[in-house]
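Worksheet: one structure, shown below.
A short reminder: the numbers here are calculations on the coordinates, not readings from a lab. Predicted model, so just to flag it, every value in this text is computed and none were measured. So basically every Cβ, Gly included, is an ideal-geometry build from the backbone, and we count neighbours across all protein chains shown.
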Amino acid sequence: MVHLPILFDLLGVFSAAASGALTAVRKGLDLVGILVLGAATGLGGGAVRDVLIGVHPPAFLADWRYLTTATLASLAVIAAQYQAFGVESELRERARLTTAYLIVDSLTLGFFAVSGTGKALRYGLAPVPAALMGVLTAVGGGVIRDMLIAEVPTVLRREFYAIPAAIGSLIADAVNRYTPGATPLAFAAAAATAALRLIAVRRDWHAQLPPARR
Amino acid sequence: MVHLPILFDLLGVFSAAASGALTAVRKGLDLVGILVLGAATGLGGGAVRDVLIGVHPPAFLADWRYLTTATLASLAVIAAQYQAFGVESELRERARLTTAYLIVDSLTLGFFAVSGTGKALRYGLAPVPAALMGVLTAVGGGVIRDMLIAEVPTVLRREFYAIPAAIGSLIADAVNRYTPGATPLAFAAAAATAALRLIAVRRDWHAQLPPARR
Amino acid sequence: MVHLPILFDLLGVFSAAASGALTAVRKGLDLVGILVLGAATGLGGGAVRDVLIGVHPPAFLADWRYLTTATLASLAVIAAQYQAFGVESELRERARLTTAYLIVDSLTLGFFAVSGTGKALRYGLAPVPAALMGVLTAVGGGVIRDMLIAEVPTVLRREFYAIPAAIGSLIADAVNRYTPGATPLAFAAAAATAALRLIAVRRDWHAQLPPARR
């Protein structure tokens, strides 16, 4: 049976890898490129977290389910691409890619904020650094993904991205401290994070710009 | 009281985070982006150093003063931006941003060259690798900053950047070996590094290009 | 005498550093930039591998031969650039740079796939993660090189790049398991990897693209 903290981590890996694979499709990469960008995005955030808190070897090397999950996510994206071919118009394809990307990217924030914060707490970090590790796990894979395709990462663009991750990590902090092992609450934290990100995109929420003559 | 080696590290974090925040302002990022790029630049170089020499968890997770210092630096940049708004012309604003950036970036080289070399020596590295870690700490945050905004890092551009960091690290090596704990000498090494970088920019010093028909 | 696993690692460092230095020449970087990009490319892949499998400090800091080898490779590239100057036409220079780059980049894949897989196995990783570390060592330096010059890494482009590295790593897996210490076989694995990459470029082999209306 899948242990609960690992479940969240694997869900994060799946959604993150799917976001990487979708980005690869959008960028016109070939099948190998899709698998590589999917794996880098799915495993990158957790790898950075594990290296920083001192887990050797990191989970993605010690546990075969990580690489398998990331590969399955990329294969699912490839399969969907083959299935949709010829059925839908170019416009519909683009809309589908964008919507799917937004959803898996938001889910990634939620699952990884919870799993990253929880793992950091279990390895003895204080609540604030643990929440910081939650944010890093949540945004790390996406930063690697965007840097690999030579784009400015989403976390720096004018979107509500770091804020949902930070809120989700702080909720995960509280959940882990006061009711450790409370899975429904952890799921609620992940869902709230993903929902906050989705609503922010939908309502076009932005953080404030500093004043500048431009 | 602040322990001396940590003082240099925190000064490096402050100036590096300020350079990241100023870059974010120049790039038109929002308040969250400024805080994120400030933190990544301020904490990135030391994080890479700590991971490489085997400090788990790295200082920025174990010691709350690191994240606080980086955040204060970014907030100072934001406050200066609000204060200057409306008072100065566009030209003056751009000049102020450029000058401020150059100064904090040079100070970062100095403080981090000294603190990075010193920490590596304390963790048992030989002098040459320790100086290499000094250079990596000094330029690391800036490399992360420039890669995040999808630009070629300063250390690879035609500027005197790696050379001042290397000289500062070698001086720090000597200071640490022959007179450990000599703070005035360490300050002098940091100041010399920063001054060398500033003079190089001012006098337009460049390293030689290899011959090429271009 | 050079211990055998280290020999492969140093050969990988030499060819990877040469590929970084050649890229720096092509990009018009100065002598310092050539040395820095050479060192980052030569030492980056092994550093990531060592950090992930928990070698502290990583080989490039613990063993002076790593930095020396990377520096010698960059100096050799610089020397060749000086020697060729004035002798050859612009067209011949560009062709020489491209050919030299392709060869050292292919050799890097071969040497690092073997040394990375072997080191991961010696540190107790299972065969599949060990092969994954072989791939990461082989492509890691090049990814860092391409990200530093703000280009999309070769491993994501439409080329046979990850596949030769994966095949080489799996062969190295088998060699290490069934006949540990069999150097001729290890050399054959490295040579096969490099050859596969060279043939793929020569014959213009590509991985398949997923279907898309574009």
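Residue by residue along B:25-37, Cβ atoms of other protein chains within 10 Å of the local Cβ number 6 on average.
Grab the DSSP H runs of chain A that are 4 residues or longer, score each as -39,500 (n - 2.57), total them, divide by all residues and round the 222 nm result to the nearest 500 deg cm²/dmol.
Helix contribution divided over all residues of chain A: -26500 deg cm²/dmol.
DSSP loop GluC sites (Glu not before Pro) in the range B:6-96 with at most 12 other Cβ atoms within 10 Å of their Cβ, which ones?
Hits after loop and neighbour filter: nothing returned.
Copy-to-copy label distances for residue C:83, where each label lies 7 Å from Cα along Cα-to-Cβ, are 5.9, 5.9 nm in order of increasing length.
Show log10 I(q)/I(0) for the protein assembly as shown at q = 0.09 Å⁻¹, two decimals, from a solvent-free Debye sum over equal Cα scatterers. Each listed q corresponds, in turn, to -0.74. Averaged over the residues of peptide C:145-151, the number of Cβ atoms from other protein chains lying within 10 Å of each residue's Cβ is 5. Which value in nm describes the separation of the simple spin-label points at residue B:191 and residue B:76, placed 7 Å from the Cα toward the beta carbon? For residue B:191 paired with residue B:76, the spin-label model returns 1.8 nm.
Label-point distances for residue A:157 to the equivalent site in the other copies, using a point 7 angstrom along Cα→C-beta, read 2.5, 2.5 nm when ranked shortest first. Assuming R0 = 45 Å, can you tell me the calculated FRET efficiency for the pair residue B:89 and residue C:203, based on Cβ-Cβ distance, to the nearest 0.05? That pair, residue B:89 with residue C:203, gives E of 0.15.
So which helices of chain B fit the span-like rule, where a helix is a whole DSSP H run, its Cα atoms reach 18 Å or more along the axis, and its mean Kyte-Doolittle is at least 1.6?
Values: long enough: B:4-26 (33 Å, 1.47); B:31-53 (33 Å, 1.70); B:64-84 (30 Å, 0.62); B:90-122 (47 Å, 0.28); B:127-148 (31 Å, 1.29); B:162-178 (24 Å, 0.88); B:183-203 (29 Å, 1.08).
The answer, listed by residue number, is B:31-53.
On the principal axes of its alpha-carbon atoms, the range C:154-197 has extents of 35, 16, 10 Å, going from largest to smallest.
Which one, C:122, C:92, C:197, has the greatest fluctuation when you compute a Gaussian network model over chain C with C-alpha springs under 10 angstrom? Residue with maximal mean-square fluctuation among C:122, C:92, C:197: C:92. For the range C:104-166, the gyration tensor built on C-alpha atoms gives a prolate shape. Its axis ratio a/c (a ≥ b ≥ c) is at least 1.5, and a/b is the larger of a/b and b/c. Here's the picture: charge each Lys and Arg Cβ at +1 and each Asp and Glu Cβ at -1 in the protein assembly as shown, and of B:190, C:201, B:116 the one pushed furthest to the positive end of that dipole is C:201.
How high is the relative contact order of the range C:4-203, given as a whole-number percent (alpha carbon pairs under 8 Å, six or more residues apart)? Walk me through the numbers before you get to the answer.
Details: 310 pairs, mean separation 50.3, N = 200.
RCO, the range C:4-203: 25 percent.
Just to confirm the numbers: residue B:204, label point 7 angstrom along the Cα-Cβ line, distances to the other copies in nm, shortest first? Counterpart label points of residue B:204 in the remaining copies fall at 4.6, 4.6 nm. Is the shape of the range C:32-103 rounded, prolate or oblate, going by the alpha carbon gyration tensor and its root eigenvalues a ≥ b ≥ c, with a/c under 1.5 for rounded and a/b larger than b/c for prolate? Note, shape of the range C:32-103 comes out prolate. The eigenvalues of the Cα gyration tensor, multiplied by 5 and square-rooted, give the range C:1-122 an equivalent ellipsoid with semi-axes of 28, 14, 11 Å from largest to smallest.
Of all the options A:109, A:67, A:43, the one that moves most in a Gaussian network model of chain A with Cα springs shorter than 10 angstrom is A:67. Counting only Cα atoms, the range C:93-135 measures 46, 13, 8 Å along its principal axes, largest extent leading. Label 7 Å along Cα→Cβ of residue B:62; the range A:128-147 residues with amide nitrogen under 20 Å? Taking a point 7 Å out along Cα→Cβ of residue B:62, the residues of the range A:128-147 whose backbone N falls under 20 Å are A:128-134. Note on chain B: GNM, Cα springs under 10 Å; of B:155, B:114, B:87, the largest mean-square fluctuation is that of B:87. For the range B:4-203, the average shadow cast by the Cα convex hull is 10.9 nm², which is a quarter of the hull's surface.
Two decimals is fine: what is log10 I(q)/I(0) at q = 0.11, 0.19, 0.21 Å⁻¹ for the range A:89-214, from a Debye sum with one equal scatterer on every Cα and no solvent? Taken in order of the listed q values, log10 I(q)/I(0) reads -0.41, -1.01, -1.14.
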